[in-house]
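Notes follow once the structure below has been shown.
Taken together, the values in this text are just the output of simple stated rules run on the coordinates, not laboratory data. As the structure is a computational prediction, the values presented were derived from the model and not from experiment. Don't worry about glycine lacking a Cβ; one is built from the backbone with ideal geometry, like all the others, and counts go over all protein chains shown.
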Amino acid sequence: MMDDRHVSLAHGNGGRFMREMIEEVFVSHLGDSALDVHLDAAPLTLPPDKVPCITTDAFTVQPLEFPGGDIGSLAVNGTVNDLAVSGAAPQALTLNAIIEEGLEMACLIRIVKSLAEAARIAGVHIVAGDTKVVPRGHGGGLYLATTGLGLRDATWRLGFDRIRGGDVLLVSGPIGDHGIAVMLAREAFDLSGPVRSDCAAVTPLALPLAKIDGVRFMRDPTRGGLATVAHEIAAATSLNVRLSETEIPVRDPVRSVCEMLGYDPYYLACEGRVVAIAAPDAADEVLKLWRSLPDGEGAARIGVLSQGAGHVVLETEIGGERLLEELEDDPLPRIC
Amino acid sequence: MTAPATDAKAWLERIRALPLKERVRVMNVCGGHERSISMAGLRGALPSEIELIPGPGCPVCVCPEEDVYAAIQLALRPDVILVAFGDMLRVPANVPKNEPRSLEQAKAAGGDVRPIASPQEAAKIAAAHPDRDVVFFAAGFETTTAPVAGLAAEGLPPNLSILLSGRLTWPAVAALLESEEAGFDALIAPGHVSAVMGPEEWRFVADDHNIPSAVAGFESDSLLAALYSVLRQHLEGRAFLDNCYATVARPGGNPTAQRVMNDTLDVVDANWRGIGVIPRSGFALKAELASFDANRRFELDADAFRKRAGEMPPGCDCARVVLGKIYPNQCVLYGKACTPRNPIGPCMVSDEGACRIWWSTGIRQGAAHSADEHAAARY
């Protein structure tokens, strides 16, 4: 007799079990009227005056659930955020779920519910999907992949090519929450702490910047964190990115864990923050706007672009400076 | 974080106001200090007369090659789980080509190697795998050895053994001071070591050698306060041990830690990688704990015929970096053959290693002698 509390290979065989899982787990909990599972392809109607933007991302986070989010909310917000920082309003997502045999059905349902809630908050529809089941030992419980379609105003131009020396770097909130929350959830190194992932859609932070002339570029500092975004900007523009240690917002518990393990918070992933570059006379307006929004209270001006050779320089608290290197390998816990 | 930064700026102003006429060489002997100094960009902010020299402060860097080799051989045994502090995983040993040359490579070759952050994790892993031998490769200074001793004092699980490579910091400084050229005019004494062993351990520096010294913590304000103290002592021709980390490094240190260390460990002559044997500078498990010594349990015999056993890799100047004889970027391999991605010497591996710290804070070119040149060598 089949154990109905866990996903089995039969849930991926194309037959009754698969249909039931799709209907009872995915369709019912996604509750999205735009999702028609009887179609092989979903037709989309696009307005002629907008630029359609498309992006895709895969999600393999461990553990699947962590304080502040789970792989489901991450799969929505990760893709939504790539669209949002490109200036595109997210419209539709496709969803691939690669499920490992043995995953608890209750866990899968929790994650799909969370995914649906994240999509609802982000105002995006799941319009197509697929599920596969892989044998035990071939996957980390659940992998998700989402492809997102968004619409950008044809007049809004963002890009590395718009960045100029003297421009100002801003971040919409404290950095490193997601990286530390997931690390603590792994229960590695016998550490625990009150850190929640910042996993959220950044659409409400990113899209209103369209109103502000002088916003040059946006990016969400996910893997590799703020330092990696700074390196991407420095490499693309050959300008120096000068960051100010005293201005970069880092929560105390995040800082404590970093100090204990010898991590640099500048390299830790965020999943609900925006880094923006704005012309000097537009920076205050961005800051004011962000600080008036629910997820933007912690927004800060954190650095400037200056003539140089494409280095990322951190100005330290005492007025010294050091280079932030490009991330090489995963940081290891230090010895004492 | 605001208050220490304000204090740090005030100390910096006091240091800048000192009438320094000539070069003063201030050595630190703690990787944590060197890291704080480099991360805060202190060198660039100080007057050019002040040289901050990283000295023997990295336990990973001085862990004998033979111990690393032994750990790798143990890790390759199918019956063994080898646990070690993360820093040790990438330290290379001298092995023939095609053999795993680090614990990380032993892991890739199928060995069960697990990084840990505290000795308690070693006991947990041993308890979770009663059918397997767990070997804890414990390299570290007094700060790390104390909790290892604590573990031994509580009673070790029968399947856990220890490959102990513990070292004492002060004997290395004493050896430097007794050598022909100590190479420094003042000492920043280690904060955590003093918290465990007591700051008094460092009195000999001033009392016997007339060298100004001060215990420091790890924030810029404490480090700069200690620096100000030793510079003033130097200018006034005085030498005593100041304590600028008094809230943590209390007189007498931590008596509990010292008791468990005395109960479980002997102080023995010990080999420092590339430097040689320093008298009474290492820890060994006491005779009654011999059955928990991985060297005995696995009858590890050093292979006397192994090529380059115990030697530094060719061209590697880690030993002189550790002793503060040269700066990291004065090694010919620095940043060329030896980078964090492909480390040749241990100083480029460990987060406590001066080479790794200098590289990761952006110092690239060679030969820095003064703070000015040091600044010029950056990017």
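Restriction of the trypsin sites (Lys or Arg not before Pro) in segment A:1-84 to DSSP coil positions whose beta-carbon has at most 11 other beta-carbons within 10 angstrom yields A:Arg5.
As a size descriptor, the averaged projected area of the C-alpha convex hull of chain A was calculated at 18.7 nm². Peptides B:113-121, B:9-17, A:33-41 ranked from most to least packed by the mean count of surrounding Cβ atoms within 10 Å: B:113-121, B:9-17, A:33-41.
Work out the FRET efficiency for B:Arg364 and B:Lys307 from their Cβ-Cβ distance, taking R0 = 35 Å, and round it to the nearest 0.05.
Once rounded, the FRET efficiency stands at 0.60.
Mind checking which lysines have their Cα closer than 20 Å to the Cα of B:Lys97? Skip sequence neighbours fewer than 8 apart in that chain. Filter leaves B:Lys107, B:Lys307.
Between B:Lys97 and B:Lys336, full extension at 0.36 nm per residue minus the direct alpha carbon distance yields a gain of 83.9 nm. Here the dipole of segment A:9-153 is about 40 debye; that uses its Cα centre as origin and unit charges on the Cβ of Lys and Arg (positive) and Asp and Glu (negative). Each Lys and Arg contributes +1 and each Asp and Glu -1, all at the Cβ; summed about the Cα centre of the protein assembly as shown, the dipole is approximately 900 debye. The listed peptides A:315-324, A:121-130, ordered by packing as a protection proxy, come out as A:315-324, A:121-130 (highest mean of other Cβ atoms within 10 Å first). Between A:Leu205, A:Gly303, A:Ile248, the Cα set farthest toward the positive side of the dipole of segment A:160-323 (charges on each charged residue's Cβ, about the Cα centre) is that of A:Leu205. Its alpha carbons considered, segment B:290-336 gives a radius of gyration followed by a Dmax of 16.4, 44 Å. When restricted to Cα atoms, segment A:203-326 yields an Rg and a Dmax of 14.3, 42 Å, respectively. For B:Ser281, the residues whose modelled amide H falls within less than 5 Å of its own, excluding neighbours fewer than 5 places apart on the same chain, are B:Val268, B:Asp269, B:Ala270.
How many percent of Cα pairs in segment A:123-218 exceed 22 Å? Result: 59 percent of Cα pairs exceed 22 Å.
In a fully extended conformation the segment linking B:Asp263 and B:His209 would gain 16.3 nm over its present Cα-Cα distance, using 0.36 nm per residue.
Considering only beta bridges that DSSP places wholly inside the protein assembly as shown, some 55 percent are antiparallel. Normalising the Debye intensity of the protein assembly as shown to I(0), with uniform scatterers on Cα atoms only, and taking log10 at q = 0.07 Å⁻¹ returns -0.56.
According to the Kirkwood relation over distinct C-alpha pairs, the hydrodynamic radius of segment B:34-146 is 15.9 Å. Highest-first packing order for the peptide set B:139-146, A:283-290 is B:139-146, A:283-290, based on the mean count of other beta carbon atoms within 10 Å. Under 5 Å between amide hydrogens, built in the peptide plane, is the criterion, and for B:Ala138 it picks out B:Leu163, B:Leu164, B:Ser165 among residues at least 5 positions away or on other chains. Contact order for segment A:9-153, expressed relative to its length and based on alpha carbon pairs under 8 Å spaced 6+ residues apart, stands at 39 percent. For chain B, pairs of C-alpha atoms spaced more than 41 angstrom apart make up 13 percent of the total.
In chain B, a dipole from Cβ-located charges (positive for Lys and Arg, negative for Asp and Glu) runs towards its positive end, and of B:Ser350, B:Val322, B:Ala149 it is B:Ser350 whose Cα lies farthest in that direction.
In this rough spin-label picture, where each label sits 7 Å from Cα along the Cβ direction, the B:Lys325-B:Val277 distance is 2.0 nm. Do the sum for the protein assembly as shown: with -39,500 (n - 2.57) for every DSSP H run of n ≥ 4, divided by all residues, what is the mean residue ellipticity at 222 nm, to the nearest 500 deg cm²/dmol? Helix-only estimate at 222 nm: -9500 deg cm²/dmol. The Cα atoms of segment A:9-153 define a convex hull whose projected area, averaged across directions, is 8.5 nm². Counting only residues at least eight positions apart within a chain, or on another chain, the lysines with an alpha carbon under 17 Å from that of A:Lys211 are A:Lys50, A:Lys288. In this structure, the amide hydrogen of B:Glu99, modeled 1.01 Å from its nitrogen in the peptide plane, lies closer than 5 angstrom to no residue at least 5 positions away or on a different chain. For a straight C-alpha distance cut-off of 25 angstrom, the lysines reachable from B:Lys325 (same-chain residues fewer than eight places away being disregarded) are B:Lys21, B:Lys336. Scanning chain A for DSSP H helices at least 15 Å long along the axis (C-alpha atoms) with a Kyte-Doolittle mean no lower than -1.0 picks out A:71-85, A:105-122, A:225-237, A:280-291. For the pair B:Ser118 and B:Ser48, a Förster radius of 51 Å applied to the C-beta separation gives a FRET efficiency near 0.80, rounded to the nearest 0.05. Neighbouring Cβ atoms from other chains, within 10 Å of the Cβ of residues in B:83-90, number 3 on average. Calculated FRET efficiency, B:Glu13 and B:Arg232, Cβ-Cβ r, R0 22 Å, to nearest 0.05? Computed FRET efficiency for B:Glu13 and B:Arg232: 0.95.
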